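Q: Take a look at the following structure, please.
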Amino acid sequence: MQPFEQIVTDYGPVVLRVCRAVLGPQEAEDAWSETFLSALKAYPDLPPDANVEAWLVTIAHRKAIDVTRAAARRPTPVETLPERPGRTGRPEDWDGDLWQVLRALPDRQRQAVAYHYLAGLPYKEIADLCGGSTDAARRAAADGIKTLRTTYPRPA
Amino acid sequence: MTASDPQTGRLFAALPVQDAPAMARLHERLVEQAQREGILDVAYRTLDTPVGRLLLAATGQGLVKVAYAVQDHDAVLRQLADSISPRILNAPARLDETSRQIEEYFAGRRTRFDLPLDWRLSKGFRREVLTHLCDIGYGHTESYAQVAAASGSPRAVRAVGTACATNPLPLVVPCHRVVRSDGSVGGYAGGPDAKHTLLTLEAVA
């Protein structure tokens, strides 16, 4: 079996990308941490032929839901934050414009886009994860991408 | 249309594929949380020394594995995953004291290691042999035959050789102090040059 360190090296970056696309810069790192801690716990029981990336995305999907709920319960002074995230320090300095466009997508579309285009999950597995049919997952991803193409990149 | 589709790739170009500072921060946080929850079964680090880069690995009980570069660190980590637990992370903090003592040893300022050891990778007669090796003092050597006699099985010279060759804790458990009866250094997990370097270091000090 691969040492878990290798799993972090091989899949950490793509899971972070997925978390950022699904949750935005503020919550992504919490979701990543919860995902890998949970994965480390369960790792010894992972079947040897398991698709590690799909397994991690499945955990990340659940953790993203937890993190979103926790954030919703937290009395955060959202109104006082600027409309666009800052470009320095934490939260991370990736393009705030992309997140603004992703955030505007329905959850299903944002998830389908991230899981398919960033993590390479087949639509069947996205359907298993998010509910609904394989066709619905395909449509959600296609609609999401279409909206992204028309609204981003926007002129600076 | 796939994730590698160039148009889609450009769409997500603003999301870095590799973000090294973020990964370093998240890795550190994972190690802390795993340590706190007691699920960091094996922590490891590497340490550069005069005998090359050493892999040091520790369980919660103590130092469990020392490996030379020629032993292939990736292969050793996979063996640890199979024989102990795959919950393995590069987590140097657990090996701070070990590293300090090894550095002192190579600086000639330490003649014995005082570290908690986890002996689980060595069993039976081999373990008896290795336990005896800790009694061979710094700068001294014994022959394989002498070690066999001291371990209570004077005819088990070959088995002593095997015990030394499979020592999971070379350097710290000093199998390098076991040499051939004719005075030649004999084999070593880290290669004959490493053994020669260690014996020379101890002879000079």
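The values are calculated or read from the model by the stated rules, or taken from the named source; none is laboratory data. Just so we're clear, the structure is a prediction, and the values are computed from it rather than from any experiment. Neighbour counts are summed over all protein chains in view; Cβ atoms, including those assigned to glycine, are modelled from backbone coordinates with ideal geometry. We work out accessible area using only protein heavy atoms, side chains counted, and drop any ligands, DNA or RNA first. Shrake-Rupley method; radii C 1.70, N 1.55, O 1.52, S 1.80 Å.
Q: Can you list the cysteines of the protein assembly as shown that have no other Cys Cβ under 4.7 Å away?
A: A:Cys19, A:Cys130, B:Cys134
Q: Given R₀ = 25 Å, FRET efficiency for B:Ser181-B:Thr131 by Cβ-Cβ distance, to 0.05?
A: Efficiency, rounded to the nearest 0.05: 0.70.
Q: Assuming R0 = 51 Å, what is the FRET efficiency of B:Arg29 and B:Ala149, from their Cβ-Cβ distance, to the nearest 0.05?
A: With a Förster radius of 51 Å, E is 0.45.
Q: Using Cα positions and a limit of under 21 Å, work out the lysines in reach of B:Lys123, with same-chain residues fewer than 8 apart set aside.
A: B:Lys65
Q: Report the Cα centroid-to-centroid distance between the range B:135-205 and the range A:35-66 in angstrom, as an integer.
A: Between the Cα centre of the range B:135-205 and that of the range A:35-66, the gap is 45 Å.
Q: What part of the accessible area of chain B, given as a whole %, is carbon or sulfur when the probe is 1.4 angstrom?
A: Of the solvent-accessible surface of chain B, carbon and sulfur hold 49 percent.
Q: Next up: Measure off 7 Å from each Cα along the Cα-to-Cβ vector at B:Gln7 and B:Glu97, then give the distance between these two points in nanometres to one decimal.
A: With each label placed 7 Å out from Cα toward Cβ, I get 6.2 nm.
Q: Moving to a separate point now. Give the angle, between 0 and 90 degrees and rounded to the nearest 10, that separates the Cα long axis of helix B:124-133 from the longest principal axis of the Cα atoms of chain B.
A: Computed tilt is about 70 degrees.
Q: Which of the peptides B:55-66, B:39-50 is most tightly packed, and how do the rest follow, going by the mean number of other Cβ atoms within 10 Å of each residue?
A: The densest-packed peptide leads the list: B:55-66, B:39-50.
Q: With a 1.4 Å probe, how much accessible area is buried between chains B and A, both sides summed, in Å² to the nearest hundred?
A: Looking at B and A, the buried total is near 3600 Å².
Q: Please give the net charge around B:Gly187, taking every other residue with its beta carbon less than 14 angstrom from that of B:Gly187, where Lys and Arg add +1 and Asp and Glu add -1.
A: +2
Q: Another question about this same structure. Rounded if a/c is under 1.5, else prolate if a/b is larger than b/c, else oblate: which is the range A:4-151, with a ≥ b ≥ c the root eigenvalues of its Cα gyration tensor?
A: oblate
Q: Can you give the accessible area per residue of the range B:124-204, in Å², using a 1.4 Å probe?
A: Per residue, the range B:124-204 has 46 Å² of solvent-accessible surface.
Q: Using Cα-Cα distances under 8 Å and only pairs 6 or more residues apart, what relative contact order does chain B have, in percent?
A: 18
Q: Oh, and also: What distance in nm separates the simple spin-label points at A:Ala71 and B:Gln61, each placed 7 Å from Cα in the Cβ direction?
A: Going by the 7 Å Cα→Cβ label model, 4.4 nm.
Q: Classify the range B:70-205 as rounded, prolate or oblate from the Cα gyration tensor: take a ≥ b ≥ c as the square roots of its eigenvalues, call it rounded if a/c is under 1.5, otherwise prolate when a/b beats b/c and oblate if not.
A: oblate
Q: Tell me the net charge near A:Ala114. Cut-off is 10 Å between Cβ atoms, A:Ala114 excluded, with +1 for each Lys or Arg and -1 for each Asp or Glu.
A: +3
Q: Which loop chymotrypsin sites (Phe, Trp or Tyr not before Pro) in the range B:87-168, with loop taken from DSSP, have no more than 15 other Cβ atoms within 10 angstrom of their Cβ?
A: Answer in residue order: B:Tyr138.
Q: Sticking with this one: In the neighborhood of A:Ala70, defined by Cβ-to-Cβ distances under 15 Å, what is the net charge if each Lys or Arg adds +1 and each Asp or Glu adds -1?
A: Spelling it out: positives minus negatives among the neighbours equals 0.
Q: Taking a ≥ b ≥ c as the square roots of the eigenvalues of the Cα gyration tensor of the protein assembly as shown, is the shape rounded (a/c under 1.5), prolate (a/b larger than b/c) or oblate?
A: prolate
Q: Provide the FRET efficiency to the nearest 0.05 for the B:Arg112-A:Arg62 pair, computing r from the beta carbons and using R0 = 51 Å.
A: Approximately 0.50, to the nearest 0.05.
Q: If you don't mind, there's one more thing I want to ask. Explain nothing, just the number: relative contact order of the range A:4-151, from Cα pairs under 8 Å at least 6 residues apart, as a whole percent.
A: After rounding, I find 25 percent.
Q: Just to verify a number: what accessible area does B:Val70 come out at with the full protein assembly present, 1.4 Å probe, Å² rounded to tens?
A: Per-residue accessible area (B:Val70): approximately 110 Å².
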